[in-house]
Each structure stands twice: as structure tokens, then as C-alpha cells.
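Below: the structure, in C-alpha cells.
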Amino acid sequence: MSTSTPLTNIRIADLTNVIAGPVATRVLGHLGAEIIKVELPWGRAIGNIAMHGDNGDSRAYNKVKTFNEVNRAKKSIAIDLTHETGKNLFKEIVSVSDIVIQNYSPRVMGNLGLAYENLRKVKPDIIMVSMPALGLEGPWSNYISFGPGTDALGGLSSVTGYKNGRPHKPGNFYADHNSGFHVATGIMASLFRKYQTGEGQHLEIVLREATMSVIGEYFIEYQFRGKEPERLGNDHPVFFPHGIFACKGSDSWIAISIESEKEWHSLCELIGATDLKNDSSLVKVDSRRLISQKIEAQITKWTMQRDNKQVMHLMQNQGIRAGIVAKASDLLSDEHVAEREYLDTVEHPDAGTYTSPGLPFKFSRASTNLGVTAPMFSEHSLHLLSELLAKDTETIKSLIDLGTTPLEPIDRVYT
Amino acid sequence: MANSDLALTGIKVLDISRGFSGGYCTKILRDLGAEVIKVEIPNSGDTCRTFGPFLNDIPDIETSAPYLYLNAGKKSITLDVTNPQARDTFLALCKGSDIIVENFKPGFMSQINLGYDVISAINSKIILCSLTYFGQFGPYSQFEGSDIVSYAMSGYMHLTGDEDKEPLKAGGRQAEYQCGLAGAMSVLAAILTRALTGLGDHIDVSATEALTSTFDGVAYFQTYDQTGSNPMRAGTRLIAREPTGAYPSTLLPCKDGWVHVHYSPSNPEGIGFLTGNDRLADDDVMARMREHADEIDELLIEWLRGHTREEVQTLAQEVRVPFTMVQSVEETLSDEQNQHRNFFVPIEHEIAGQMTYPTSPFRLKTAEWQALPAPILGQNNHEIYVEQLQLDPEEISRMKKGGIV
């Protein structure tokens with residue numbers, strides 16, 4: 001039985017760019033909110049185009065892969081916020097919205113005259129969301145950083161890395177997604193508060209603070225031990241064996257963690273290591289660590305003869321925690337991923353069919369809004385101007401002609 | 001500023017989970033103002049209490065670093081929910097709660113006759129959030145999981161580390177943290193749904209899917225579809241980039257450590273200007289930046305060598321170039337920005353003593369974050385059982401003897 005989506009009747013004016021902000025509003029779009037993505041008239045997050053290359057395609061701006069992933073389930077209107085007409089148009093959208101979200105550096109909204117104080121005059125109960133890299137205030141508030149830079153400043157790069165190696169980078173845009181999911185959560189909490197109190201608010205969620213929050217225990221550890229936590233690679237501070245082991249084929253791996261005596265014995269039995277199994281001293285993890293190389297070599301000797309998926313099933317059948325180090329092709333063909341309908345495949349008029357991550361949760365009752373593609377540039381401008389803002393044909397024509405709301409990206413004019 | 005200014009004031013959460021995923025999920029709910037009651041196993045407590053490090057490196061269920069961090073400000077009662085004799089007490093708690101967070105293996109709650117059908121029959125508004133490594137259904141739902149296994153199966157691991165080395169795990173427990181975060185996000189959505197429909201929900205969260213969800217905007221699957229080959233880990237650079245893609249985005253060494261260097265889309269000439277190296281603003285290089293990544297690294301290292309991390313950050317940021325320091329845990333604890341924002345605050349704990357704790361990304365302007373310690377095991381038994389549920393103290397003693405409370 002399905003009921004409504006969680007965010008039915010919620011409208012969000014979305015000024016965010018690049019990854020973190022769009023991730024947050026993508027989730028809210030999938031949860032049923034109407035996301036009005038207000039785009040820059042000169043095209044899409046210029047950085048994204050540069051990142052992917054134009055390749056001389058026509059309408060390349062509609063084919064930016066990263067853009068099309070993070071902006072599913074949104075509507076697009078282009079507005080030139082640097083001009084008065086554009087500012088007023090944006091304020092009109094705000095006046096019929098519940099939430100405004102932006103991830104510009106701290107000074108931008110104030111400079112545009114679109115700070116919380118300004119927008120509250122337009123819509124007294126507006127929830128405004130700011131997601132600065134390091135904070136709206138403070139000595140580093142005007143520093144610019146993208147997600148990976150906040151991993152570095154937040155301690156995550158420092159605790160990530162091979163044993164005895166340099167600091168490393170986790171995943172790709174990890175900090176961006178991590179903060180985007182925190183922001184989506186914070187927005188929904190603010191909405192709930194608004195349901196209770198009728199009040200809006202200015203919600204600030206700082207990228208780096210979301211990063212520090214997912215490694216919180218390290219800050220306590222440092223104080224307990226008075227020394228910097230070591231980079232552990234794939235080791236575990238307690239369990240052994242723990243890590244990944246090479247399997248048959250190139251760049252093919254299995255992750256294993258042995259956390260109990262029973263699991264240790266099952267592993268020894270499965271790989272035919274009777275010598276290890278019969279050595280009762282090895283019930284203790286500390287004793288195993290003394291001959292860690294020997295144990296790891298015996299595991300690898302066995303895994304190397306087998307396909308990693310076969311190893312996973314053989315181990316799981318014995319109750320051993322094991323899973324393949326999956327690649328894109330593994331996930332795209334995986335029976336579990338398929339049965340759970342986790343991936344979201346959508347059809348885009350210019351970009352064609354593409355597959356991206358779906359939502360990391362499923363409801364038994366509430367509906368979601370998956371399977372919806374990203375908008376083409378300015379795709380919904382005409383519709384929003386006439387339906388949402390009730391503009392007449394003449395006004396719409398003049399907004400387009402003035403370049404306030406271009407239907408195709410215009411060359412950026414530096415003044 | 002009053003507690004009632006927090007978003008989830010009045011919302012009651014029963015946390016019967018163990019470890020990191022549920023701990024982080026209900027930490028977020030607590031940070032947002034909910035009352036979180038941890039329902040812990042009598043005598044030993046949440047398994048998180050057994051995870052080190054501990055104060056003075058002596059294992060103690062009251063001084064586990066992850067437990068102290070994740071459970072600050074929560075309440076603790078003891079109840080063995082798996083014991084049939086605890087059933088009535090548990091259902092009485094369910095009756096007065098809004099949210100239950102659990103992370104048993106799929107099907108376990110039904111096996112002990114506490115499935116969503118049973119709980120929702122008592123309280124139709126309740127939101128049951130189930131956190132697991134692989135989800136409630138599907139061929140792998142009964143697999144044995146762990147943080148590294150989810151991490152590997154999500155695809156995240158294959159993308160972290162050096163191309164010529166084995167895939168690498170990120171620091172900490174990112175699969176479990178993302179599972180908890182996805183749990184909190186879905187609980188908030190369910191609270192909003194309930195505000196519309198009056199009905200609760202049963203939520204299925206998979207840690208593995210939560211981590212794969214961090215590949216959005218990476219063009220991960222699109223790259224495979226278009227090229228037929230799998231995106232490959234690329235050291236500290238971004239993956240799945242075309243030769244014309246922007247660069248740098250990587251970690252490089254400087255005089256006293258490492259910095260993160262990043263291209264600025266709005267200031268493409270910035271790096272050339274900062275370093276005074278024309279080659280870094282050269283048209284050939286700019287047109288195919290990623291193709292020139294090795295050369296760009298070398299030229300940057302030449303400049304970075306002469307500067308400390310702090311100098312690099314200050315000089316770069318002055319000219320709007322997004323270079324940042326790689327900070328240690330110690331440095332992060334005390335940097336001037338974190339100090340200014342009071343991100344870390346002192347909290348006194350009865351047994352662990354006074355320490356500085358991370359607060360929360362959810363510090364609302366309408367209310368202060370409540371700096372309270374993690375609970376001692378069973379600290380709130382009297383308050384919850386006697387004052388709230390009004391159980392007979394003799395009954396509680398009997399349950400204590402039976403190992404149920």
C-alpha cells in the first residue's frame with residue numbers, strides 16, 4: 001500500500017551548484033518535493049563542463065554527465081541574478097516556496113541582496129539553507145574549498161591511507177555526498193519544526209563539520225592516547241585477519257573480516273589450513289598477529305585459485321563475513337542490486353539512457369519519485385513563468401529577450 | 001535558548017541497535033532534539049561499549065571512545081529485548097515511542113515476534129527503522145556483514161587507493177556511518193509523511209547501498225556504459241575524468257606535510273598566478289588539464305616545496321585558489337576556525353572525565369547543542385521503568401535477577 005511522498009506540496013528554490021548541494025536537493029526531489037533549480041544564464045556549473053569537455057557536441061550543456069546524475073527529479077529555470085529584474089523574479093519564486101538552498105561562498109548571497117534577512121521579508125516563514133565549506137563566520141569563512149579539500153582540513157585524509165604511507169583521499173566526492181545527505185536531513189528537520197511552530201529559519205550546515213562528524217571517535221582517541229591515530233590501511237584495530245585478498249583475475253579482490261573464534265575455525269577449514277585450525281593458541285587474535293604474514297599467505301594461496309564471487313559465496317555459506325571488491329560492472333550485473341531495484345535508470349532527451357545510484361533506503365508505505373531524469377537547460381522556464389508566477393505572454397517574451405531568463409545558455413558577459 | 005527550539009523536541013526514539021550505524025543514526029536524531037533511549041543488553045550493554053580505544057587503554061564499558069562520542073546526550077536503560085519475559089515491558093516502551101531503530105539481521109525481529117506488524121498493531125504511528133549491511137530482502141540479505149565487507153561490495157573500495165596497489169579502506173567506519181546517516185534521513189522523511197497521513201512506516205536501510213549512493217555525480221556507471229571499462233581508482237585524483245577534464249584535484253607534499261590542491265572553475269588562471277609559473281596557465285595545458293596531470297603535479301611540487309602548509313593555504317586563498325592543508329586529528333581539534341565556531345566542546349563524564357567532543361553539524365541558530373555526556377549503562381532505568389512506565393519496583397528486581405533488566 002502506498003501513500004503520498006514525504007515531501008508532497010513542498011517547493012524548494014535551489015541555487016546550488018556542483019555536487020554537495022545538488023545531492024541534497026536530488027534526495028528531496030526523490031522524496032516528492034518540487035525542486036526549482038535556478039540556473040546561471042551562461043550554462044551549467046562551468047566547472048562541470050570543463051571537467052568533462054565539450055567535444056564540439058551540440059547542446060553539450062545538456063549532456064554533462066555529473067550534472068545529469070545529481071540533478072535528477074528537478075525542474076530548471078535560468079535566471080540572471082546579477083540584474084534587478086532577475087532578482088525580483090527570484091524573489092517571486094521565493095514568495096511561493098518553502099525552502100531556499102544555496103552553496104555559494106559566504107559573501108555571495110549578501111552581495112546579491114538575497115541574504116536571509118532580505119528573503120524573509122519576501123516570505124516570513126522561509127527556511128533558508130546555507131552550506132559553506134568552512135562556516136559563514138570565522139577566520140577561514142571566506143576560504144574556498146570543494147569536498148575533497150574539506151576531507152583534508154577535517155582530519156579524514158589524515159586517518160585514511162596505507163600502513164606507513166602518506167595521507168590519502170577517500171572515494172571521490174565523499175565529503176560532498178556526506179554533507180549533502182546531512183543537509184537533506186537537516187532540511188526535513190527544519191520542515192518538521194515549521195509544521196509545529198509555523199516558523200522558518202536560517203539553517204547552516206558546514207561541509208567540514210559533516211566530515212568531522214563521521215570520524216568523531218578519532219578525536220576522543222587522540223585525547224586518550226595523546227598521539228596521532230595511525231593510518232591502518234585495511235587492517236582493523238582488533239580483528240585479524242581483516243582486509244582484502246587477491247583472487248583469480250586482474251584487480252580482483254575479496255574483503256574478509258574474521259570477528260569470532262567460530263569464524264576463524266570456519267575460515268581455516270574452508271581453506272584447508274588444518275595446521276592453523278589445530279593450533280589452539282591461534283584462537284587468540286594476538287597470537288595470530290605474530291604470524292600474520294603466514295596466515296595471509298595461506299588465505300591468498302586459496303583465494304588466488306578462485307574467482308572472487310565464488311570465494312564470496314563459499315565463505316558466506318560457512319558464515320564468514322566476506323564480499324567482493326565490486327566494480328561498476330559487478331554492480332550493474334549483480335542479482336542482489338537488481339532484485340532490490342537499487343539503481344535508477346533514466347531516459348534523457350539529449351543525453352540518452354543512463355544509470356545512477358538510487359536512494360539508500362526503502363519505505364514500506366511512503367512513495368518515492370525515482371526514475372525521473374535531470375532537466376534540460378531552462379527546460380521549465382516557460383511553464384514556471386506562466387503557471388507558477390502567472391506571467392502573461394508579453395512579460396515572458398521580454399524576460400527572454402532581456403536575457404533575464406534565457407532559454408539557451410548565453411555567452412557570459414564580464415562587466 | 002530553550003530546548004523546545006530544537007526541531008525534534010518531543011519526539012521519542014527507542015534505540016535497540018548496537019555499534020556504529022544505529023549509534024550515528026540516533027546521534028543525529030538526538031542532535032536535532034529528540035529524546036533517545038538506548039535499550040542495552042543487561043550487564044554488557046551496546047557492543048559499541050566493547051570497541052576501543054579506552055581511557056588508559058584499559059577495556060571498560062564506560063570509557064569506549066566510539067561509545068562516548070556516538071551516545072553523548074542519550075539515555076540508557078537495560079533490557080534484553082530478545083528474552084520473551086521482556087516482551088511486555090518492551091511493548092509498553094513501544095507504545096509511548098515515535099521511532100525505533102534496530103540493526104539485527106533481517107528477519108530476527110519477526111523471529112522473536114517483534115516484527116513491524118506486531119509493533120505497529122500496538123502503535124500505528126511508530127516508525128521502525130531497520131539498518132543492515134545488505135537490506136531486508138534480496139539474495140544477500142542473510143549474508144554476514146561488516147564495515148569492510150559493505151565498503152568493498154558498495155564499489156567504494158575499488159575507487160580508493162593507488163592504481164598500482166590494492167584497493168584501500170577509508171579511515172574509520174564509513175559504511176556504518178553512512179548507514180546511520182541514511183537511516184536518520186529516512187526517519188525524518190517518515191516523520192514528515194506521518195504528519196500528513198498519521199501513519200508510521202517500516203524503513204529498510206542498507207549500508208552497502210548507502211555507500212554506493214556517494215557515487216552520484218561521479219559518472220561511475222555512465223563511464224562504464226560508454227567506455228566498456230570500469231572506472232579505476234586514481235590515487236588522490238578524481239576518478240572517471242576525461243583528458244580534457246579539469247585538474248588539479250589531488251594531495252601533494254609541501255615543506256612540512258601535505259596539502260590538497262584544487263582547480264577553481266571560476267578562477268582558471270589562479271594557479272598560474274599564485275605560483276608565478278606560466279606553464280600552469282598555458283593554453284595547451286589548460287585545454288587538456290587532466291592529460292597533463294603528471295606535469296602539473298611536478299610544477300606544483302616545485303613551488304610547494306618552498307612553503308609550509310599554512311603558507312600554501314594562506315597564499316592560495318588570498319588569490320581565490322582553493323588549496324587547503326591536510327590537518328592531523330590533533331590540528332583539527334584546535335584550529336582557529338573550529339575554535340571560532342566552538343565545534344569542539346568540553347563535556348564531563350563521570351568515569352571518563354573531562355574531554356573535548358565534536359558537537360554536531362546540526363547546530364541550529366534557534367537552539368544550542370546540548371553538551372551532555374554519554375550515559376552510564378542503565379543510568380535511566382529508574383526514570384524510565386519506575387517514573388514513566390510505573391512498573392512495580394519488585395517486578396523490576398525480579399527482572400534484574402533474571403538478567404532481563
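The values are calculated or read from the model by the stated rules, or taken from the named source; none is laboratory data. Note that the coordinates shown come from a computational prediction; the quantities given were computed from them, not determined experimentally. Glycine also receives a Cβ, built like all others from the backbone with ideal geometry; neighbour counts cover every protein chain displayed.
Points to keep in mind about this one:
- B:L32 surrounded by 22 or more Cβ atoms within 10 Å (Cβ to Cβ), over 30 Å from A:R193 (Cβ atoms) and touching a Phe, Trp or Tyr at 6+ places or on another chain (Cβ under 8 Å): no
- Hits in segment A:368-405 (condition: among the polar types (S, T, N, Q), out of contact with any Leu (no Cβ under 9 Å at 6 or more places or on another chain) and part of a loop (DSSP other than H, G, I, E, B)): A:T373
- Within segment A:251-280, being assigned to a loop (DSSP other than H, G, I, E, B) and more than 11 Å from chain B (Cβ to nearest Cβ) holds for A:I271, A:G272, A:A273, A:D279.
- Any hit, segment B:195-207, residues being within 30 Å of B:Y67 (Cα to Cα) and part of a helix (DSSP H, G or I): yes
- Search result, residues across segment B:231-260 that are more than 28 Å from A:S356 (Cβ to Cβ) and either of a type in the set (S, T, Y) or under 28 Å from the mean Cα position of the chain (by Cα) (or both): B:L252, B:G257, B:W258, B:V259
- Residue that is modelled with the lowest pLDDT [pool: residues in segment B:1-32 that are at the interface with chain A (Cβ under 8 Å from one of its Cβ atoms) and under 18 Å from the mean Cα position of the chain (by Cα)]: B:L32
- When the test is whether a residue is assigned to a helix (DSSP H, G or I), polar (S, T, N, Q), within 13 Å of chain A (Cβ to nearest Cβ) and in contact (Cβ under 8 Å) with a residue 24 or more places away in the chain, B:S124 does not pass it.
- Taking the listed residues B:T236, B:T275, the one that is touching a residue at least 12 places away in the same chain (Cβ under 8 Å), surrounded by 19 or more Cβ atoms within 10 Å (Cβ to Cβ) and facing chain A (nearest Cβ under 7 Å) is B:T236, with no other qualifying.
- Within segment A:242-286, considering residues that are on the phi > 0 side of the Ramachandran plot and under 37 Å from the mean Cα position of the chain (by Cα), the one surrounded by the fewest Cβ atoms within 10 Å (Cβ to Cβ): A:G249
- Checked against the criterion of being facing chain A (nearest Cβ under 10 Å) and free of Cβ contacts under 8 Å to residues at least 12 places away in the same chain, the candidates B:T359, B:T332, B:T324, B:T366 yield just one match: B:T332.
- Test: residue in segment A:184-192 that is of a type in the set (F, W, Y), crowded, with 22+ Cβ neighbours inside 10 Å, within 7 Å of another protein chain (Cβ to nearest Cβ) and outside any strand (DSSP E or B): no
- Unmet criterion (only one of (1) surrounded by 24 or more Cβ atoms within 10 Å (Cβ to Cβ); (2) over 23 Å from B:G33 (Cα atoms); (3) away from every other protein chain (no Cβ under 11 Å); (4) among the aliphatic types (A, V, I, L, M)) for B:V149: (3)
- Only residues that are within 18 Å of B:S186 (Cβ to Cβ) and more than 16 Å from the chain's Cα centre (by Cα) were counted across segment A:152-192, and they come to 5.
- Filtering segment B:29-46 to residues that are touching a residue at least 60 places away in the same chain (Cβ under 8 Å) and either farther than 20 Å from B:I376 by Cα or acidic (D, E) (or both) leaves B:D31, B:L32, B:G33, B:E40.
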